[in-house]
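Remarks on the structure that follows.
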Amino acid sequence: MAGLSDLRDWIALLEREGELLRIAAPVDPYLEVTEIADRVVKAGGPALLFERPVFADGTSSELPLLINQFGTEKRMCMAFGVDSLDDVAARLADVLELQPPQGLAAKLRGLKTLKSIADSRPKSVRHGACQEIVLEGDDADLGRLPVQTCWPGDAGPFITLPAVITHDPRNGDRNVGMYRMQVLGPRTTAMHWQLHKDGRADYLFSEGRLEVAVALGLDPITAYSASAPLPKHIDELMVAGFLRGAPVELVKGVTVDIEVPANAEIVLEGYVEQGDLAEEGPFGDHTGFYTPAEQFPVFHVTAVTMRRDAIYPSIVVGKPPQEDAWLGKATERIFLPAVRMTLPEIVDYDLPVAGAFHNLCIVSIRKAFPGHARKVMHALWGLGMLSLTKGIVVVDAHVDVHDYNAVMFYAGANVDPKRDIVITEGPLDHLDHAPTLQFLGGKIGIDATAKSPAEGAREWPPEIEMSPEIRALVDRRWSEYGLATVPPAGEPSLRQSSRRLLRR
Ligand SMILES: Cc1cc2nc3c(=O)[nH]c(=O)nc-3n(C[C@H](O)[C@H](O)[C@H](O)COP(=O)(O)O)c2cc1C
């Protein structure tokens, strides 16, 4: 495990590995940072630390701005301390698949896993670096932060990488979610928790006032966990502790009865209240379009606490691919074992970045009975945040879901649209602008698996495959043919895997 204790540890690692560039030139958080970050993200470039955020009117923030910390697969793996994001999934699978162990070795392994779960619970500490500076009253001014206005049509500056902490008023369960916050005034922001989100549920269950704390600038795993679509009763900070291999340390807030990550760079403390709403947006969103203005709760800041020399973290979302692509890919990989708990027939799945995560899901299954692909579609449309998926393509087990050409081939070759398309209706992403009604609309499932006569198909023809002996022979003899400049494995130039698309 990476064992990164805070954002500074992470920045130091990025710097040692040549994965971070410091920018000393003054740069305007109004649009200019976005344009730079957008180009660097698309080029697969490094994380950027803007040391001198200066607004056009000459005012500058004392806080440097970090962006693109998550922008490549390599950095996302570094954040988790793994070679592949599937390794993170494997650790979670160990927990999810915990069975009564047989034999001494299995018992010891089981005990180790149980201990790592027990050690994951957040730990309360008395002092936290996040409270080295405490600003209250008029001093608690959000104008001190170099908050970006990302796109020309945005309604104002938005805090884009927060970990918003609330407690369920019914039972005290903690929730941490990543919800953007439009700065409305020196001590107010909007709180953009969407319809289906757990923070919003805490708000709706509250009668009157709900305390909120917002942590900015965390170790990368804890920051990621705020974006993870965990079931409501599961504490994101416990999962972060498990994935880090060390508990998240928490200190009590100064003006709120909420514990906050002790090593956060910045913490905003405050509250939201029933009926206290403001217009939020428009905002250039991860859908690639501006989401229109809507009413969201107003977050009133009661204190801003900070580390000395605090660093402000930011992210730009917009037309994909953007930096959030790898936060989404991490979720896709990490949640595969959990999806398989409900649907063990699933081999793999891919949420294409270009599909903005909720628009398209490709899933491969070990098909065992007529209508199996439809069963999987309907199950996914009932599963957590995957329920908001607009289109699902189901392929057979042998198809690589990350190879979009292969998927396109089977979606063309194996599909009789009259027989194999499912059109239904259900809940849709809050931000989806296409459906006639907000939140509710059509869904499409494409069954691209091979069909049996029991599904109304004629006899299914065999697929063309070269015999293994001839493949082995050609592998062996490749150098003899004088084809040294041609890759021996086939036509990679025609393959468009999800990874290659991301690295565009
Ligand atoms: C960069 C980024 C920004 C996000 N902004 C929002 C947002 O403004 N509102 C929202 O509801 N979800 C947003 N999300 C998605 C949520 O963080 C995600 O659905 C998370 O699971 C919500 O936590 P919850 O399940 O505890 O509600 C964002 C995700 C990322 C990666």
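Observations on the structure shown:
- Between the amide H of Ile392 and those of Cys361, Ile444, Gly445, Ile446, distances stay under 5 Å, these residues lying 5 or more places away or on another chain, with hydrogens modeled in the peptide plane.
- Distance between the stretch 82-136 and the stretch 343-412 - C-alpha centres, whole angstrom: 30
- The listed residues Ser479, Ser120, Ser467 rank as Ser479, Ser467, Ser120 when sorted by accessible area, largest first, using a 1.4 Å probe.
- The P(r) of the stretch 1-117 has a tail past 23 Å containing 48 percent of all C-alpha pairs.
- Each of the GluC sites (Glu not before Pro) that DSSP puts in a loop and that has at most 11 other Cβ atoms within 10 Å breaks the chain; the longest unbroken stretch is 208-458.
- Cβ-based net charge around Ala129, under 13 Å, with every Lys or Arg adding one and every Asp or Glu removing one: -3
- Accessible area per residue in Å² at 1.4 Å probe, computed on the chain: 46
- Hits among aspartates and glutamates - C-alpha to C-alpha of Lys232 under 14 Å, sequence gap 8 or more where chains match: Asp168, Asp173, Asp198, Asp202
- Principal-axis tilt of helix 404-413 within the chain, Cα atoms, nearest 10 degrees: 50
- Percent carbon-and-sulfur accessible area, the chain, ignoring ligands, DNA and RNA, probe 1.4 Å: 56
- Dipole magnitude of the stretch 330-465 about its Cα centre (Cβ charges: Lys, Arg +1; Asp, Glu -1), debye to nearest 20: 380
- Cross-link partners of Lys375 among lysines (Cα-Cα below 19 Å; sequence separation of 8 or more within a chain): Lys367, Lys390, Lys418, Lys443, Lys451
- The stretch 105-187: relative contact order in percent, alpha carbon pairs under 8 Å with at least 6 residues between: 23
- For the chain, with +1 on Lys and Arg beta carbons and -1 on Asp and Glu, the positive-most of Ala411, Thr160, Pro427 along the dipole: Ala411
- Spatial offset of the stretch 221-245 relative to the stretch 171-198 amounts to 17 Å, using the alpha carbon center of each.
- Efficiency of FRET between Ile444 and Met341 - r from beta-carbon atoms, R0 30 angstrom, step 0.05: 0.70
The values are calculated or read from the model by the stated rules, or taken from the named source; none is laboratory data. This is a predicted model, so every value here is computed, not measured. Glycine gets a Cβ as well: all are built from the backbone with ideal geometry, and neighbour counts include every protein chain shown. Heads up: the accessible areas ignore ligands, DNA and RNA and are worked out on the full protein's heavy atoms, side chains in. Shrake-Rupley method; radii C 1.70, N 1.55, O 1.52, S 1.80 Å.
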